[in-house]
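Working notes for the structure below.
The values are calculated or read from the model by the stated rules, or taken from the named source; none is laboratory data. As the structure is a computational prediction, the values presented were derived from the model and not from experiment. Cβ atoms come from the backbone with ideal geometry, glycine included; neighbour counts cover every protein chain shown.
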Amino acid sequence: MLKRFAGWTLAAPATLVVAVFLILPVAATIATTFAEPGGVFSPYIAFFNSGFRRNVLWRTLQISLATTAISLVIGFFAAYVVARAPGRLKSILIIAAVFPLLTGVVVRSFAWLIILGKNGILNNTLTGLGLIAEPLSMLYTQGAVIVAMVYLFVPLMILTLVGVLENIPEDVIQASSSLGASPAATFRQVIFPLAVPGLIVGAVLVFTGSFTAYATPQLLGGERQMVMGTLMYQRAMVAFDWVGASTIAAIMVVITITVVLAMSRVARRLNPMAT
Amino acid sequence: MTQPLAIDNLTAHYGTTRVLEDLSLSVAAGELVSLLGASGCGKTTTLRLVAGFLEPTAGTITLGGRDLTKLPAYRRDIGLVFQNYALFPHLTVLDNVGFGLKQRGVAGAEREKRARAMLERVGLATLADRLPGALSGGQKQRVALARALVIEPPLLMFDEPLSNLDAKLRVDMRVEIRQLQRANGTTSVYVTHDQEEAFSISDRVAIMHAGRIMQFDTPEVLYQKPANAFVARFVGFENLIAMRVVARDGANVTAEAAGGARLILSQERMGPIPDAFVLACRADGLAVSKDAGAAGLPATLGLRTYLGRAYQYQCESPAGHLVANGALSTPLEPGVAASLVPVAEQCCVLGVE
């Protein structure tokens, strides 16, 4: 009895903060979207009737799913190398992976402006080598946004996966090879399934991060590559369309939750231990 | 199916440290051989070399005429049972056991049939659909055993398979392992630091120390006729007394220990005795006699402890500190001067190293 009471007391401050500063505002924001004179679902009908907004949603999904998929692949192999590296090299590799996180999102996105610009490093190198005659326009494309976001999120993925891969006992891998599994078979049947819980956590982090990203798509995508985050900002701060912005927020919450649930379903199929 | 294993002149290094030195060992088809020694003696290294997880610096490993030395682990076809079981945590018991069959291309239905039959043999048929996380230590080790046996390997290797189990289960499991191994007639290498376990389960035991085999023989020979001081100490000879022969009279030899005490030893009962030798006696092989003048080593008795079958005395003698057992009928007090008489059948003669 006392123990239960103590538990609740300890959790109370955090619960209160979450309730007051997260749940209430989100509930209030979403509630306004159902109180329009045009009907309960009228803002949502309006959103999905607009070809432009449907495009923005579709583009955001494409960008964030591509970012998640590419980060998963790059992050997994990088983490695999880090996890198998000997002691000192491992620390150096982890520091190298985390280093970009020490600067802000805006700074890191800005770096890509310099790399990908008309007179940027990449264009100058390519023209200097004679590979292209005219500078390519790489900025303000979907590709630019994806590249920058992958760069942004890979460290997160690596950190998540190194922990998971390190926890796979060496003798389990040896057991697999002693039973006749080639390195490729061991990877497919043992290492990968055991890494699934980590892959899902990483994928959820990267997906929610890139789906809701604002600064990177704003800087590298601009008006031409508008995504849900930048669209919401524009509705709220430029057009003062608060209900429209709230509608976008509500749709983003629903999509994020749906994707997270779908991913944990996949995880359970690949590895019955994953929850 | 069953094949002999030959290890020839194997040397291995970790970095620049040599952990195995010119080790040779042969295991006959169907035989169970234990590698016994303290941690760091090279027994696990030997197992890892045979399994293919380590590369030797020199030497060859041959299994039934097949040279394994350069083969990757997954082509060696060796069943391994690990200390920590090393079950696949994401696979059911049935899939764990079927894993090796799957790698060998055995189709689904046949694979399940064979895996279930093997689970039946280790008494786990009812747990086929559980995940390893839901099993006890003993059950996990049975699954590991079934998983290694089901592929019918020509060689089975055990790496301290029982050290994570409690004492009672350990004894039951080693009997079970021995019975399964006998029934299948699989050549086996068993690594352990537990002397009782090694002696009870093995046809022959290799006692290892500092990357070398000190003696390789049947448990009976190791226990009664150790070849050197290291093995003698290892198998429980508490007393190693350096002696030299001062007179020979036919089969009888008069030998002197440090401090001048003399013993008359019979070569008929103890085997040939060289001029300089070490007399190895267990505490049981050194009888305590109240009669200080008896034909033994004079000693002053120290601490007495009760063993149930005898009293054990810590003794001080000119030949050094000795441990001897005395009869329960005549407990003696510390400080008493006594004579310690070697019992020929329970002592052995070692060469000087």
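If only one of A:LEU205, A:LEU194 is in contact (Cβ under 8 Å) with a residue 12 or more places away in the chain and buried (at least 21 other Cβ atoms within 10 Å of the Cβ), which one is it?
A:LEU194
Kindly evaluate B:ALA109 against the criterion of being surrounded by fewer than 17 Cβ atoms within 10 Å (Cβ to Cβ), more than 27 Å from B:ARG178 (Cβ to Cβ) and away from every other protein chain (no Cβ under 11 Å).
So B:ALA109 fits the description; yes.
Going by the structure shown, is B:GLY64 of a type outside the set (D, E, K, R), out of contact with any Lys or Arg (no Cβ under 7 Å at 6 or more places or on another chain) and at positive phi?
Answer is yes for this residue.
Let me spell it out: the conditions are (1) away from chain B (no Cβ under 14 Å); (2) in a helix (DSSP H, G or I); (3) surrounded by fewer than 19 Cβ atoms within 10 Å (Cβ to Cβ), and A:GLU223 meets all of them except one. Which number is the exception?
A:GLU223 satisfies every listed condition except (2).
Taking strands (runs of 3 or more DSSP E) that fall entirely within the stretch B:252-353, which contain at least 2 residues that are closer than 26 Å to B:VAL231 by Cβ and out of contact with any strand residue (DSSP E or B) (no Cβ under 6 Å at 6 or more places or on another chain)?
Result: B:320-326.
Only one of (1) touching a Ser or Thr at 6+ places or on another chain (Cβ under 6 Å); (2) closer than 22 Å to B:GLN3 by Cβ; (3) not in a helix (DSSP H, G or I) is not met by B:GLN181, so which one is it?
Result: B:GLN181 fails condition (3) only.
Those residues that are facing chain B (nearest Cβ under 8 Å) and more than 29 Å from the chain's Cα centre (by Cα), I need them from the stretch A:172-190; list them, please.
A:VAL172, A:GLN174, A:ALA175, A:SER176, A:SER177, A:SER178, A:LEU179, A:GLY180, A:ALA181, A:SER182, A:PRO183, A:ALA185
I'd like the full set of residues that are of a type in the set (S, T, N, Q) and either touching an Asp or Glu at 6+ places or on another chain (Cβ under 6 Å) or away from every other protein chain (no Cβ under 14 Å) (or both), limited to the stretch B:32-44.
Result: B:SER34, B:SER39.
Listed here are the residues, each with its yes/no results for (1) exposed (fewer than 10 other Cβ atoms within 10 Å of the Cβ); (2) outside any helix (DSSP H, G or I); (3) not assigned by TED's automatic domain parsing to the domain that holds A:ALA203.
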{"residue": "A:GLY7", "(1), (2), (3)": "no, no, yes"}
{"residue": "A:ALA14", "(1), (2), (3)": "yes, no, yes"}
{"residue": "A:LEU24", "(1), (2), (3)": "no, no, yes"}
{"residue": "A:PHE47", "(1), (2), (3)": "no, no, no"}
{"residue": "A:ARG54", "(1), (2), (3)": "no, no, no"}
{"residue": "A:GLN62", "(1), (2), (3)": "no, no, no"}
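Against the conditions (1) farther than 22 Å from B:PRO161 by Cα; (2) among the hydroxyl-bearing types (Ser, Thr, Tyr); (3) within 14 Å of chain A (Cβ to nearest Cβ), where does B:SER24 fall short? Just the number, please.
B:SER24 satisfies every listed condition except (3).
For residues that are small (Gly, Ala, Ser) and part of a helix (DSSP H, G or I), scanning just the stretch A:191-220, find the one that is nearest to the other protein chains (Cβ to nearest Cβ).
A:ALA195
Residue-wise test of (1) touching a residue at least 60 places away in the same chain (Cβ under 8 Å); (2) surrounded by fewer than 18 Cβ atoms within 10 Å (Cβ to Cβ); (3) away from chain A (no Cβ under 11 Å); (4) within 30 Å of B:SER26 (Cβ to Cβ).
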residue: B:LYS102; (1), (2), (3), (4): no, no, no, no
residue: B:SER136; (1), (2), (3), (4): no, yes, yes, no
residue: B:GLN141; (1), (2), (3), (4): yes, no, yes, yes
residue: B:PRO153; (1), (2), (3), (4): yes, no, no, yes
residue: B:PRO161; (1), (2), (3), (4): yes, no, yes, yes
residue: B:SER188; (1), (2), (3), (4): yes, no, yes, yes
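List the number of the failed condition for B:LEU54; all other conditions in (1) part of a loop (DSSP other than H, G, I, E, B); (2) at negative phi; (3) away from chain A (no Cβ under 11 Å); (4) not acidic (Asp, Glu) hold.
(3)
Considering A:MET228, A:MET263, A:MET237, which residue is more than 14 Å from chain B (Cβ to nearest Cβ) and within 20 Å of A:ILE45 (Cα to Cα)?
Residue meeting the stated conditions: A:MET228.
Can you name the condition, by its number, that A:VAL40 falls short on among (1) in contact with a Phe, Trp or Tyr (Cβ under 8 Å, 6 or more places away or on another chain); (2) part of a helix (DSSP H, G or I); (3) farther than 30 Å from A:GLN225 by Cα?
So the condition that A:VAL40 fails would be (2).
Given (1) surrounded by fewer than 16 Cβ atoms within 10 Å (Cβ to Cβ); (2) among the hydroxyl-bearing types (Ser, Thr, Tyr); (3) touching a residue at least 12 places away in the same chain (Cβ under 8 Å), where does A:SER109 come up short, assuming only one miss?
(1)
Residues in the stretch B:63-73: is at least one more than 9 Å from chain A (Cβ to nearest Cβ) and in a helix (DSSP H, G or I)?
No, the conditions are met nowhere in the stretch B:63-73.
When both residues are 6+ apart or on different chains and their Cβ atoms are under 9 Å apart, which pairs have a first residue that lies in the stretch B:214-227 and is outside the structural domain of B:MET270 (by TED's automatic domain parsing) and surrounded by 17 or more Cβ atoms within 10 Å (Cβ to Cβ), and a second that is hydroxyl-bearing (Ser, Thr, Tyr) and assigned to a helix (DSSP H, G or I)?
Once the first residue is outside the structural domain of B:MET270 (by TED's automatic domain parsing) and surrounded by 17 or more Cβ atoms within 10 Å (Cβ to Cβ) and sits in the stretch B:214-227, its partners that are hydroxyl-bearing (Ser, Thr, Tyr) and assigned to a helix (DSSP H, G or I) give B:PRO219/B:SER200.
Regarding the stretch B:163-173, can at least one residue be identified that is in a helix (DSSP H, G or I), β-branched (Val, Ile, Thr) and in the same structural domain as B:LYS102 (by TED's automatic domain parsing)?
Within the stretch B:163-173, one or more residues are in a helix (DSSP H, G or I), β-branched (Val, Ile, Thr) and in the same structural domain as B:LYS102 (by TED's automatic domain parsing).
Residues that are part of a strand (DSSP E or B) and touching a residue at least 12 places away in the same chain (Cβ under 8 Å): does the stretch B:81-96 have at least one?
The answer is yes, given that some residue of the stretch B:81-96 is part of a strand (DSSP E or B) and touching a residue at least 12 places away in the same chain (Cβ under 8 Å).
Can you spot a residue in the stretch B:112-119 that is away from chain A (no Cβ under 12 Å), crowded, with 21+ Cβ neighbours inside 10 Å and of a type in the set (Lys, Arg)?
no
Determine whether A:LEU219 is of a type outside the set (D, E, K, R) and over 30 Å from B:ASN96 (Cα atoms).
yes
B:TYR223 is checked against (1) more than 15 Å from the chain's Cα centre (by Cα); (2) assigned to a helix (DSSP H, G or I) and fails just one. What number does that condition carry?
(1)
Hey, can you tell me all the residues within the stretch B:165-182 that are of a type in the set (Asp, Glu) and either in contact with a Pro (Cβ under 7 Å, 6 or more places away or on another chain) or surrounded by 15 or more Cβ atoms within 10 Å (Cβ to Cβ) (or both)?
Of everything in the stretch B:165-182, just one residue is of a type in the set (Asp, Glu) and either in contact with a Pro (Cβ under 7 Å, 6 or more places away or on another chain) or surrounded by 15 or more Cβ atoms within 10 Å (Cβ to Cβ) (or both), namely B:GLU176.
Inspect the stretch A:98-112 for any residue being assigned by TED's automatic domain parsing to the domain that holds A:THR258, assigned to a helix (DSSP H, G or I) and of a type in the set (Gly, Ala, Ser) and give the result as yes or no.
Checking the stretch A:98-112: at least one residue is assigned by TED's automatic domain parsing to the domain that holds A:THR258, assigned to a helix (DSSP H, G or I) and of a type in the set (Gly, Ala, Ser).
Taking the conditions exactly as written (over 25 Å from B:PHE199 (Cα atoms), in a helix (DSSP H, G or I) and within 14 Å of chain A (Cβ to nearest Cβ)), does B:ARG130 satisfy them or not?
Criteria not met by B:ARG130.
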